[in-house]
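Notes for the one structure printed next.
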Amino acid sequence: MANLRSSKIRVGRNKRREQINKNRLSSVRTAVKQTRAAIAAGNKEEAQKAFKKAEGSLARAANKRTIKK
């Protein structure tokens with residue numbers, strides 16, 4: 001357990017960031033799955049929309065360093 005005040009603050013911040021990163025990564029995975037499903041179904045318009053969404057999610061996650069570029 002952290003003893004110093006700054007260490008305690010850091011522990012709380014790390015927990016919050018971990019939760020944010022988990023949520024962001026989950027949304028990225030969902031977007032990629034939706035894209036793959038649309039491609040497999042052969043629906044071109046839906047696949048293009050899903051790809052655009054997935055591309056943005058991946059770019060945001062990489063920019064925020066949730067995933068590697």
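When both residues are 6+ apart or on different chains and their Cβ atoms are under 9 Å apart, which pairs have a first residue that lies in region 46-65 and is under 17 Å from Asn23 (Cβ atoms), and a second that is part of a loop (DSSP other than H, G, I, E, B) and open to solvent by 100 Å² or more (accessible area, probe 1.4 Å)?
Ala62/Lys68; Ala62/Lys69; Asn63/Lys69
Looking at region 59-69 only, could you name the residues that are in a helix (DSSP H, G or I) and in contact with a Lys or Arg (Cβ under 8 Å, 6 or more places away or on another chain)?
Arg60, Ala61, Ala62
Could you please tell me which pairs satisfy a Cβ distance under 8 Å, a separation of 6+ or placement on different chains, a first residue in region 3-17 that is at positive phi, and a second residue that is of a type in the set (Lys, Arg)?
Hits for this filter: zero, empty list.
Just name the residue that is most open to solvent (accessible area, probe 1.4 Å) out of those in region 1-58 that are of a type in the set (S, T, N, Q), assigned to a helix (DSSP H, G or I) and more than 24 Å from Lys69 (Cα to Cα).
My answer is Ser6.
Could you please find all residues in region 28-45 being within 26 Å of Glu18 (Cβ to Cβ) and of a type in the set (D, E, K, R)?
Arg29, Lys33 - these are the residues of region 28-45 that are within 26 Å of Glu18 (Cβ to Cβ) and of a type in the set (D, E, K, R).
The values are calculated or read from the model by the stated rules, or taken from the named source; none is laboratory data. Keep in mind the model is a prediction, meaning the values are calculated, not measured. Note that we place each Cβ from the backbone using ideal geometry, even for glycine, and neighbour counts take in every protein chain shown. Heavy atoms of the whole protein, side chains included, go into the accessibility calculation; ligands, DNA and RNA do not. Shrake-Rupley method; radii C 1.70, N 1.55, O 1.52, S 1.80 Å.
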